[in-house]
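The structure appears right after this line, and notes come after that.
Where a number appears in this text, it was derived from the coordinates with a stated rule and is not lab data. Predicted model only: the values in this text are computed from it and were never measured. Cβ atoms come from the backbone with ideal geometry, glycine included; neighbour counts cover every protein chain shown.
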Amino acid sequence: MGEPELPFRKVIIDSRNAVVGESESFVVSLPSTLQLPANTACYVLSVALSYGFYTVEAGRNDKLYVWERYWNGSQGLTIVITATLTPGSYSATSLSAEIQTQINAVTTFTTSPYTCSYEPITNTILISLAYTNTDHPSHAQFHGFTVLSKKMLANSALQSIINGLQPNFNFNTIHDASGLLGVDAASSDAFSTISALLTAYNNPAITGTFPKTLRTGHVDVRSRHVLYLHSDSLAGMKTIGPNGSRSVISRVPVTTTFGGMLFREHSSHQMDYIPVGGRTMTTIDVTVRDSFGEIVPLHGGHVSLELLFCPEPIVA
C-alpha cells in the first residue's frame, strides 16, 4: 500500500494572515488538519520579508560607553559615560551626527565637546575631543577618551575597575552599539586591546598622554547581516543553527538596505529539506531571529514563505 495522500502539498504562509502575534513572531492556522505520513519532507522553497528592523534598536544596541579621563582642577578622574542613541534607521553620515549629539549630551568635558565626522573614503567615523587649553592647560595631555567595545566590557578586570569607579554601573543591561562601528575588530584607537587600557589606567601620570581621537573600524548601519527563520512546529532536529539552536528552518542574508525586501530561494539540493514525518499540524509558528537568537522587530514589515510537503527523496 502507498503512503496516504496529503490534503495539500504546498503551504504559502504570510504573516498578515496570522491568528496570533506580529510579523516577527506569529502563528498561522491551517484550513484543515495536516496529518503527515512517515518519511515526509518539508522544503522551504522561498522566503520573502521586509527589511524593517532599525540600525539602532532600543534595549538592544542603543548605548555607547565612553571611558573619559580628565583633570578637575585638583585631581585626575576617570568615569564611564553612557550615550543613548535614538532608535531608528541611519545612514553612516546621520549615525555620525547622532553619536556626536548624544556623547556631547553626557560628556564631562563641558567646554570642550566632541566632534564626529564620517569619512566616506575609508567608511569610518572619526571621533575627536576638541580639547582647548582653557580646561586646566597644565594638564592638557592628561585629558582624553576611548570607546569601550563589547569585548572590553565583558573583561572581568575592566568590570572590577568600573565597579570601583561607579558602583551603580549595571553590566546586566549592556545594550552596546559599538558593533555598528567595527571597534572590536579594527580601530586605530590606542586602546583597542584591554591590556593597553589597563596599563594607562594603572599608570596615570599627570604629564602622560591619553587619546583625543578615535577612528572607528568599518561602519555598517545594518545591525544584522543574516536573519534566521525558526519554527518549533516544523523543526526537524536535524539542523544546528547559531548558538546550538535546533529550530532554524531557513537562513536569509541581508543583501539590501532599510525599506527593501529580502529574498531567499531554495538551494535546489534534494537533501535540503526538514524531516517532518509522523506529525499532525493545525498551526505553524514562525519567528525571525538574529544570530544571537533574539527576535528581530520588523516594525510592521511582513514575512512570507512557501513550503512544499512531499515524500523524502530516496538516495541510492
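Summary of values
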item	result
Sites Asn123 and Asn172, calculated FRET efficiency, Cβ-Cβ separation with R0 45 Å, nearest 0.05	0.85
Built amide H within the under 5 Å cut-off of Ser250, gap 5+	Leu229
Proximal aspartates and glutamates relative to Lys212, as straight alpha-carbon distance under 18 Å, when same-chain residues fewer than 8 apart are discounted	Glu68, Glu119, Asp135, Asp189
Local electrostatic count at Val27 - Lys and Arg +1, Asp and Glu -1, tallied over other residues with Cβ under 15 Å	-4
Gained length - Met237 relative to Ser291, 0.36 nm times residue gap less alpha-carbon distance	17.7 nm
Dipole of the chain, positive end: most advanced residue of Tyr90, Ile13, Gly73 [Cβ charges, Cα centre]	Gly73
Length released on extending from Thr108 to His218, taking residue separation times 0.36 nm less the Cα-Cα span	36.9 nm
Within the chain: Cβ-based charge dipole about Cα centre, in debye rounded to nearest 20 (Lys, Arg +1; Asp, Glu -1)	360
Dipole of the chain, positive direction: furthest Cα of Ala48, Gln141, Ile314, with charges on the beta-carbon	Gln141
Gain on full stretching of the segment that runs from Gln270 to Asn163 - 0.36 nm per residue minus C-alpha separation	33.0 nm
FRET efficiency, Arg9 to Ser91 (Cβ-Cβ, R0 45 Å, nearest 0.05)	0.50
Highest average packing first - 15-24, 280-289, 48-57, 164-173, Cβ atoms within 10 Å	48-57, 280-289, 15-24, 164-173
Reachable lysines from Lys63, criterion Cα separation under 18 angstrom, eight or more residues apart if same chain	Lys150, Lys151
